[in-house]
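Asker: Below is a structure I'd like to ask you about.
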Amino acid sequence: MTIKVVRGNPTPEELAAALAVVRARAAAAATTPPGAPAPRDSWSDPSRIAAHRLPQPGPAAWGRTYWPG
């Protein structure tokens, strides 16, 4: 694996910290068994929207469907 700094001038400590993060992510990805489902991102989790109270029925309820008050 080759890593190249394309902008900036990192100090040796900054470069070491960045490489430690990259190596940790690579090690975590290597330990995932093949065929295992990918973890879902919480951003796409439907329960994130449903966790809020539902809008009360009424003439303007359609406008509050996805914008809980």
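All of the numbers you see were taken from the coordinates with simple rules; none came from a lab. None of the values given here were measured: they were computed from a predicted structure. All Cβ positions, glycine included, derive from the backbone under ideal geometry; neighbour counts span all protein chains shown.
Asker: Relative to the present Cα-Cα distance, how much length would full extension add between VAL5 and ALA60 at 0.36 nm per residue of separation?
Answerer: Between VAL5 and ALA60, full extension yields an extra 14.5 nm.
Asker: While we're here: May I ask you to derive the FRET efficiency for ALA36 and ALA16 from their Cβ-Cβ distance with R0 = 30 Å, giving the value to the nearest 0.05?
Answerer: The calculated FRET efficiency here is 0.45.
Asker: While we're looking at this one, here's another question. Could you sort 18-27, 2-11 so that the peptide with the highest average Cβ count within 10 Å comes first and the rest follow in order?
Answerer: Descending mean neighbour count gives 18-27, 2-11.
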